[in-house]
1. Tell me whether the chain comes out rounded, prolate or oblate; compute the Cα gyration tensor, take square roots of the eigenvalues as a ≥ b ≥ c, and use a/c under 1.5 as the rounded threshold.
2. In angstroms, what radius of gyration and Dmax does region 135-211 have, counting Cα atoms only?
3. Local charge sum around Ser135 (other residues, Cβ-Cβ under 15 Å, Lys/Arg +1, Asp/Glu -1)?
4. As a test of understanding, state the convex hull volume per residue of region 10-93 from its alpha carbons, in Å³.
5. In percent, how large is the relative contact order of region 93-177, given Cα pairs closer than 8 Å and 6 or more residues apart?
6. When the scattering of region 93-177 is computed by the Debye formula from its Cα atoms alone, each counted once and equally, what is log10 I(q)/I(0) at q = 0.12 Å⁻¹?
7. Stokes-Einstein D for region 40-152 at 10 °C, 1.306 mPa s, Kirkwood Rh over Cα pairs, in µm²/s?
8. Give the calculated FRET efficiency between Leu315 and Lys255 to the nearest 0.05, with a Förster radius of 41 Å applied to their Cβ-Cβ distance.
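Derivation of every value follows stated rules applied to the coordinates shown; laboratory data play no part. Keep in mind that what you see is a predicted model, and the values were worked out from it rather than measured. Cβ: placed from backbone, ideal geometry, glycine included. Neighbour counts: every protein chain shown.
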Amino acid sequence: PSQRDALKARARDLLKAKNAVLVAHYYVEGELQDLALETGGIVADSLEMARFGRDHASQTLVVAGVRFMGESAKILSPGKTVLMPDLDATCSLDLGCPADDFAAFCDAHPDRTVVVYANTSAAVKARADWMVTSSCALGIVNHLKDQGQKILWAPDRHLGRYIQRETGADMLLWQGDCIVHNEFKGVELQLLKAQHPNAMVLVHPESPESVVALADVVGSTSQMLSAVINGSAQEYIVATDNLIMHRMRQLAPGKTLIEAPTAGNSATCKSCAHCPWMAMNGLQGVVDCLERGTGEIHVDPVIGQKAHGCIDRMLAYVA
Ligand code: 13P
Ligand code: SF4
């Protein structure tokens, strides 16, 4: 067997020996996605990852994704051991919303219900009333609006603006963005659409307004995957991290997938739409964390307990 096969077999053996389960996001490399599915784990969006980790009987979760995903798993299951292949895998939304600045923002607007995106630190979640993910944000904000609540939203400005426009809710927005989705370009997408007039355009709502405006489907990674599986079109233009195509190809093998344009994905860069932090996850990291206990997620119990409320509220709402 090749070296990769041997490493994969080692990871598989360790997952079994340690009675651990691998919880992976669609943006991690295909080998890891396959390993998760072959060993009883899951490849999913952030909402499903949180729910799966909470409900799984295994006492050790290996979360292949970015730090907020590991933290959410730990907050929901403080008694479980949560390991990550690389603890430095973060997210520009999380980095762009420091807890102290966020607390000051909340303090300045005490009349608003605080709704935060999953892509935030445990300390930011500890200050929030609700956590949402891209798959349930619209429904939850609509629900809050119907109750007459005014919202303070953080950190993704594009997702916030999209929800604001769709729901008409009164929302004050933090000005963060995702370095990956922020690079998708509306004008270039328009040109690509003209070349593929029958293609269905799928857009993650962290993308800029000009890109969302051209979408046939706006949704979370799982919702984009469902659109490819169930859609009647033959071609799909995909505006999100291109590693999602690994799973799309497996589940919809006959369909044609086209990467949405970014500033860089010209002749010189064919795959600019890939999250550098998701890319830090690999088979070696899975082996190391299981073998040596590296990459363990710790959340301050007081912060974790406070943060639990906003995640739990979301999970109860979507149940
Ligand atoms: P999803 O919840 O849609 O999987 O999004 C997570 C994410 O980080 C997107 O960039
Ligand atoms: Fe964060 Fe963007 Fe990476 Fe998702 S793709 S983890 S939002 S930086």
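1. Oblate is the answer for the chain, as a/c is 1.5 or above yet b/c matches or exceeds a/b.
2. For region 135-211, the Cα-based Rg and Dmax read 14.4, 45 Å.
3. -4
4. 86
5. That works out to 31 percent.
6. The calculated log intensity ratios at q = 0.12 Å⁻¹ are -0.28.
7. Details: Rh = 15.1 Å.
This corresponds to a translational diffusion coefficient of 105 µm²/s.
8. About 0.80, to the nearest 0.05.
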